[in-house]
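Colleague: Starting off with a structure, shown below.
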Amino acid sequence: MTPGASLRGPLAACAGLAVMLSASIVGAQSDPAPPPCGGGWQVDYALSGSLQLSDTPLGQGDGIYAVGPGSMTLRFDDIGAKPGGRATLVSYEMHEGFKVTAKTLFWATSVTTNTTTRATPDPCGPPQGLLRSATLAWSLPISGVRSDGTLFCEGSFCGKFGAPPPGLSDLHLPAHPVTFKSLQFSADLQTFTMASTFVSRSDAPKQTAHLALAGREVRRACLPVKPCP
């Protein structure tokens, strides 16, 4: 055996050890991996609702009307690898389509509503609520809630006592804050309900509106990084 051959084995072993040590040092110096959901969780819900109207002209339109479909997106902190803690409303949308018919001995009037209510608060603003156990309590109002659409009135009552004008007319309720009542979730956060909450009051058409919600999860996404700085 030549001297070079006798050294080749120990040298190769040393070279391999050096590579392993170098890799371990680089790994130790690199930043630790961020948590899988360091940016929290974003959960989308499909909504249905019950709209309670009161203070309508002569009380003829007072009642509870089914509305929807709608949607709501919430962003939660990551607590124990699942949604929890602070909550931010990212978006809200609800379609309202229903017909109110009022009849008396001398006249009959119907009003068909076709509107959409939306809320697009600042997604990087402070969290508006806190989820504890299965209850999401809101500490701040939801800003920028507005309704846009049309009303169609037909009958002898149109244009009187706060009823909309005859025929088709536009409806625009300007942006305003709304304070939602607490959302009561199931244990797995896949469904929730919200008790009837005051949402708006208007003079044309004359009415006061309260809304109750039911939500069902349709999508849940882990956010590896925070969406806002």
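The values are calculated or read from the model by the stated rules, or taken from the named source; none is laboratory data. The structure presented is a predicted model; accordingly, all values stated were derived computationally and were not measured. Here Cβ is always computed from backbone atoms with ideal geometry, including for glycine, and neighbour counts include all displayed protein chains. These accessible areas exclude ligands, DNA and RNA; they are computed on the full protein's heavy atoms, side chains included. Shrake-Rupley method; radii C 1.70, N 1.55, O 1.52, S 1.80 Å.
Colleague: Between residues in the stretch 118-130 that are modelled with pLDDT under 85 and residues that are part of a loop (DSSP other than H, G, I, E, B), which pairs lie under 6 Å by C-beta distance while being six or more apart or on different chains?
Modeller: C124/C228
Colleague: Filter the stretch 83-116 down to residues that are of a type in the set (F, W, Y) and either under 15 Å from L183 (Cβ atoms) or under 21 Å from the mean Cα position of the chain (by Cα) (or both), then give me how many there are.
Modeller: Summing the residues that are of a type in the set (F, W, Y) and either under 15 Å from L183 (Cβ atoms) or under 21 Å from the mean Cα position of the chain (by Cα) (or both) in the stretch 83-116 gives 1.
Colleague: Of everything in the stretch 61-108, what is assigned to a strand (DSSP E or B) and of a type in the set (F, W, Y)? Give them in sequence order.
Modeller: Hits for the stretch 61-108 are Y65, F76, Y92, F98.
Colleague: List every residue pair whose Cβ atoms sit under 6 Å apart, with the two residues 6 or more apart in sequence or on different chains, where the first one lies in the stretch 172-192 and is over 21 Å from S147 (Cβ atoms) and the second, anywhere, is open to solvent by 80 Å² or more (accessible area, probe 1.4 Å) and of a type in the set (D, E, K, R).
Modeller: Cβ pairs passing all conditions: T191/R216.
Colleague: Please name all residue pairs, on different chains or six or more residues apart, with Cβ atoms under 7 Å, provided the first residue is in the stretch 78-94 and is acidic (D, E) and the second residue is open to solvent by 70 Å² or more (accessible area, probe 1.4 Å).
Modeller: If the second residue must be open to solvent by 70 Å² or more (accessible area, probe 1.4 Å), the pairs left are D78/P35; E93/R118.
Colleague: Now for a separate question. Among the residues of the stretch 197-213, are any closer than 19 Å to A46 by Cβ, touching a strand residue (DSSP E or B) at 6+ places or on another chain (Cβ under 9 Å), surrounded by 15 or more Cβ atoms within 10 Å (Cβ to Cβ) and hydroxyl-bearing (S, T, Y)?
Modeller: Yes - at least one qualifying residue is present in the stretch 197-213.
Colleague: Working only within the stretch 121-139, note down all residues that are more than 24 Å from D188 (Cβ to Cβ) and crowded, with 16+ Cβ neighbours inside 10 Å.
Modeller: Of everything in the stretch 121-139, just one residue is more than 24 Å from D188 (Cβ to Cβ) and crowded, with 16+ Cβ neighbours inside 10 Å, namely P121.
Colleague: Is at least one residue of the stretch 159-169 within 27 Å of D44 (Cβ to Cβ) and either at pLDDT 90 or above or not hydroxyl-bearing (S, T, Y) (or both)?
Modeller: No, the stretch 159-169 contains no residue that is within 27 Å of D44 (Cβ to Cβ) and either at pLDDT 90 or above or not hydroxyl-bearing (S, T, Y) (or both).
Colleague: Enumerate the pairs (first residue in the stretch 207-229 and touching a residue at least 24 places away in the same chain (Cβ under 8 Å) and within 22 Å of M94 (Cβ to Cβ); second residue anywhere and acidic (D, E) and surrounded by fewer than 16 Cβ atoms within 10 Å (Cβ to Cβ)) with beta-carbon separation below 8 Å, excluding pairs fewer than 6 apart on the same chain, so at least 6 apart or on different chains.
Modeller: Filtered contacts from the stretch 207-229: Q207/D55; T208/D55.
Colleague: Here is a list: T117, T109. Which entry is open to solvent by less than 20 Å² (accessible area, probe 1.4 Å), polar (S, T, N, Q) and in contact with a Cys (Cβ under 7 Å, 6 or more places away or on another chain)? If you could, list the steps in order and put the result at the bottom.
Modeller: Numbers: T117 fails: in contact with a Cys (Cβ under 7 Å, 6 or more places away or on another chain).
Every option except T109 fails the conditions.
Colleague: Of (1) more than 22 Å from V67 (Cα to Cα); (2) in contact with a strand residue (DSSP E or B) (Cβ under 6 Å, 6 or more places away or on another chain); (3) exposed (fewer than 15 other Cβ atoms within 10 Å of the Cβ), A175 satisfies all except one. Which?
Modeller: (1)
Colleague: Give the residue, chosen from A102, A87, A175, that is at pLDDT 90 or above, aliphatic (A, V, I, L, M) and farther than 19 Å from H210 by Cα.
Modeller: It is A87.
Colleague: So which residues in the stretch 117-134 are under 15 Å from the mean Cα position of the chain (by Cα) and part of a strand (DSSP E or B)?
Modeller: Within the stretch 117-134, T117, R118, A119, G129, L130, L131 qualify.
Colleague: When the residues of the stretch 178-189 are filtered to those that are touching a Phe, Trp or Tyr at 6+ places or on another chain (Cβ under 9 Å) and not in a strand (DSSP E or B), which remaining residue is most open to solvent (accessible area, probe 1.4 Å)?
Modeller: At the first step, the residues of the stretch 178-189 found to be touching a Phe, Trp or Tyr at 6+ places or on another chain (Cβ under 9 Å) are 178-186, 189.
Now drop any that are not not in a strand (DSSP E or B), which leaves 179-182, 186, 189.
Working: T179: 85, F180: 16, K181: 103, S182: 44, S186: 34, L189: 15 Å².
The selected residue is K181.
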